[in-house]
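Enquirer: Please see the structure below; I have some questions.
The values are calculated or read from the model by the stated rules, or taken from the named source; none is laboratory data. Bear in mind that the values here come from a model prediction, so they are computed numbers and not experimental data. Cβ coordinates were reconstructed from backbone atoms using ideal geometry, including for glycine residues, and neighbour counts include every protein chain displayed.
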Amino acid sequence: METGGERLKRGLKIAVTGKGGVGKTTVAATLAHVLRGRGYRVLAVDADPDANLAAALGVPRQEAVGIVPIAEMKELIAERTGAQPGTMGGFFKMNPRVDDLPDELSLEVDGVRLMVMGTVKRAAGGCVCPESVLLRNLVTHLLVGRGEAIILDMEAGIEHLGRATAQGVDAMVVVVEPGVRSVRTAQAIAHLAEELAIRRVFVVSNKVDYSRAAALELLLADFEVLGTLPYSEAVARSDLEEVSVHGHAPEFLAAVEGVVDELEARLAGA
């Protein structure tokens, strides 16, 4: 039987999500940098349709805009599935090869590997179509078949996670900000996680003015809270300048270090 310590040695598998605008991507990128600093091999995966993880990790804008999401790589999808993207029905491979893609289609940023997934751009986003099959198989491989720490920057709908895929997630981290709407989104995400049998759902409070910390604590009484991250002008400035928070916002970084301390401790004791 695998112990908590053995699980940490093989690498954490963390899905980060939350309502739009709460700072989810900034938190995901900073978690990736902190884990890299602790000796983990880290693969950060942008699985949010509003892809901004590259900029948050510190990829220069000129390079970030040139990254083609895997969901838009038509030739690759056709090669691996045997069908053209955008088609539905017909015959195509339901278990295409994906094990080589993380190394071939990721780039390194300050020691962290980055891979941009993209999303299926149609109303029936959960359709059984070649691109969705490739993405789901790739996420499953990342969570189950690889040994490094995986940080998945998700959208609130966590659309890339199916029931089988979710078995590989060690924890879901929901980022919230002070406000009822943000907490309600966290409650909805927790319900989805329960349906997918994700056992550990944690909350990180972000952009907190400590005068409102007590009120937010009451709203989050039913959650396991890993920590509170302060509102930071340095973080806001980093966002405007499209640079990584890592190295530019020491107080915020120290608070994320505390979140990782708590996350490692709770998962090791699971």
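Enquirer: Quick check: is even one residue across the stretch 217-232 farther than 17 Å from Asp261 by Cβ, of a type in the set (Phe, Trp, Tyr) and assigned to a helix (DSSP H, G or I)? Lay out the reasoning, then the answer.
Expert: Quick first cut of the stretch 217-232, residues farther than 17 Å from Asp261 by Cβ only: 217-223, 231-232.
From what is left, the residues that are of a type in the set (Phe, Trp, Tyr) are 223, 231.
Keeping just the survivors that are assigned to a helix (DSSP H, G or I) gives none.
Looking through the stretch 217-232, none of the residues is farther than 17 Å from Asp261 by Cβ, of a type in the set (Phe, Trp, Tyr) and assigned to a helix (DSSP H, G or I).
Enquirer: Mind telling me which of the residues Thr3, Thr17 ends up being polar (S, T, N, Q), at pLDDT below 90 and either surrounded by fewer than 24 Cβ atoms within 10 Å (Cβ to Cβ) or under 24 Å from Val68 (Cα atoms) (or both)? Steps first, please.
Expert: Details: Thr17 fails: at pLDDT below 90.
Step by step, each of Thr3, Thr17 is checked, and only Thr3 is polar (S, T, N, Q), at pLDDT below 90 and either surrounded by fewer than 24 Cβ atoms within 10 Å (Cβ to Cβ) or under 24 Å from Val68 (Cα atoms) (or both).
Enquirer: Filter the stretch 85-105 for residues that are in contact with an Asp or Glu (Cβ under 6 Å, 6 or more places away or on another chain) and either modelled with pLDDT of 85 or more or closer than 26 Å to Arg41 by Cβ (or both) and give the result. Break it down stepwise before answering.
Expert: Filtering the stretch 85-105 down to residues in contact with an Asp or Glu (Cβ under 6 Å, 6 or more places away or on another chain) leaves 85.
Answer for the stretch 85-105, where residues must be in contact with an Asp or Glu (Cβ under 6 Å, 6 or more places away or on another chain) and either modelled with pLDDT of 85 or more or closer than 26 Å to Arg41 by Cβ (or both): there is none.
Enquirer: Has the stretch 161-176 got at least one residue that is farther than 19 Å from Val22 by Cβ, part of a helix (DSSP H, G or I) and of a type in the set (Gly, Ala, Ser)?
Expert: Among the residues of the stretch 161-176, at least one is farther than 19 Å from Val22 by Cβ, part of a helix (DSSP H, G or I) and of a type in the set (Gly, Ala, Ser), which makes the answer yes.
Enquirer: Could you look through the stretch 106-120, keep only residues that are crowded, with 19+ Cβ neighbours inside 10 Å and at pLDDT 90 or above, and pick out the one that is farthest from Ile67 (Cα to Cα)?
Expert: Initial filter on the stretch 106-120 (crowded, with 19+ Cβ neighbours inside 10 Å): 109, 112-120.
With at pLDDT 90 or above added as a condition, the list becomes 109, 112-117.
On the way: Val109: 13, Val112: 16, Arg113: 13, Leu114: 10, Met115: 9, Val116: 8, Met117: 10 Å.
This residue is Val112.
Enquirer: Which one of these does Ile198 not meet: (1) under 14 Å from Gly23 (Cβ atoms); (2) within 18 Å of the chain's Cα centre (by Cα)?
Expert: So Ile198 meets the others, but not (1).
Enquirer: Contact list please: Cβ distance under 6 Å, first residue in the stretch 55-84 and within 22 Å of His33 (Cβ to Cβ) and hydrophobic (A, V, I, L, M, F, W, C), second residue at pLDDT 85 or above and assigned to a loop (DSSP other than H, G, I, E, B), pairs at least six apart or on different chains.
Expert: So the pair list comes out as Leu57/Ser244.
Enquirer: Specify the residue that is surrounded by the fewest Cβ atoms within 10 Å (Cβ to Cβ); the eligible residues are those in the stretch 229-248 that are in contact with a helix residue (DSSP H, G or I) (Cβ under 9 Å, 6 or more places away or on another chain), free of Cβ contacts under 8 Å to residues at least 60 places away in the same chain and farther than 18 Å from Gly21 by Cβ.
Expert: Among them, the one singled out is Gly247.
Enquirer: Quick check: anything in the stretch 121-143 over 14 Å from the mean Cα position of the chain (by Cα), at pLDDT 70 or above and of a type in the set (Lys, Arg)?
Expert: Yes.
Matching residues to (1) outside any helix (DSSP H, G or I); (2) buried (at least 21 other Cβ atoms within 10 Å of the Cβ); (3) in contact with a strand residue (DSSP E or B) (Cβ under 8 Å, 6 or more places away or on another chain):
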position	(1), (2), (3)
Val45	yes, yes, yes
Gly66	yes, no, no
Leu76	no, no, no
Asp103	no, no, no
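Enquirer: Let me ask something additional. Restricting to the stretch 191-228, give me the number of residues that are crowded, with 18+ Cβ neighbours inside 10 Å and of a type in the set (Lys, Arg).
Expert: Residues flagged as crowded, with 18+ Cβ neighbours inside 10 Å and of a type in the set (Lys, Arg) within the stretch 191-228 amount to 1.
Enquirer: Let me ask something else about it. Given the conditions (1) part of a strand (DSSP E or B); (2) over 23 Å from Arg181 (Cα atoms); (3) of a type outside the set (Gly, Ala, Ser), report the number of the one that His246 does not fulfil.
Expert: With respect to (1) part of a strand (DSSP E or B); (2) over 23 Å from Arg181 (Cα atoms); (3) of a type outside the set (Gly, Ala, Ser), His246 is out only on (1).
Enquirer: Oh, and also: For the stretch 177-193, which residues satisfy the criterion of being assigned to a helix (DSSP H, G or I) and without any contact (Cβ under 8 Å) to a residue 40 or more places away in the chain? Quick ask: steps written out before the conclusion?
Expert: Within the stretch 177-193, the first condition is being assigned to a helix (DSSP H, G or I), and the residues that meet it are 180-193.
Residues satisfying the conditions are Val180, Val183, Arg184, Gln187, Ala188, Ala190, His191, Leu192, Ala193.
Enquirer: Checking the structure you have, find out if any residue of the stretch 147-158 is modelled with pLDDT under 90, in a loop (DSSP other than H, G, I, E, B) and buried (at least 19 other Cβ atoms within 10 Å of the Cβ).
Expert: Within the stretch 147-158, one or more residues are modelled with pLDDT under 90, in a loop (DSSP other than H, G, I, E, B) and buried (at least 19 other Cβ atoms within 10 Å of the Cβ).
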